[in-house]
Amino acid sequence: MGRDHKKLLNRLEELRKAGRLTQQQLSERAEVSRKSINAIENGVYIPSTVLALKIASILECGVEDIFRLP
């Protein structure tokens, strides 16, 4: 996939808001910066597998519920 981030879609912002979490709260729980969460939500950054799994665990959903291919 390389740097072609348009090939990975995500629902992170939607699911984070449904869980009533701010970007800051999610970032603290996932042990990353708020800017990282923002970059993921905007499709600028593709998280590592470990980070994707952490985020899914925090949001109590599967990774495939957050990220998908078009």
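The values are calculated or read from the model by the stated rules, or taken from the named source; none is laboratory data. For clarity, every value in this text was computed on a predicted model and none was experimentally measured. Because the Cβ atoms are built from the backbone with ideal geometry, glycine has one as well, and the counts that use them run over all protein chains shown.
For this structure, a couple of remarks:
- Taking first residues from segment 44-70 that are under 12 Å from residue 10 (Cα atoms) and partners that are part of a strand (DSSP E or B), the Cβ contacts under 8 Å between residues at least 6 apart in sequence or on separate chains come to 52/67; 66/10; 67/9; 67/10; 68/9; 68/10; 69/9; 70/9.
- Positions within segment 22-43 being touching a residue at least 24 places away in the same chain (Cβ under 8 Å) and over 11 Å from the mean Cα position of the chain (by Cα), in sequence order: 29
- Filtered residues of segment 35-57 (kept if crowded, with 17+ Cβ neighbours inside 10 Å and assigned to a helix (DSSP H, G or I)): 36, 37, 40, 41, 51, 52, 54, 55, 56
- Single unsatisfied condition, residue 61 versus (1) in a helix (DSSP H, G or I); (2) surrounded by 12 or more Cβ atoms within 10 Å (Cβ to Cβ): (1)
- Filter result for residue 26 (among the hydrophobic types (A, V, I, L, M, F, W, C), in a helix (DSSP H, G or I) and more than 11 Å from residue 15 (Cβ to Cβ)): no
- Subset of segment 4-54 [at pLDDT 95 or above, of a type in the set (A, V, I, L, M, F, W, C) and touching a strand residue (DSSP E or B) at 6+ places or on another chain (Cβ under 9 Å)]: 12, 40, 52
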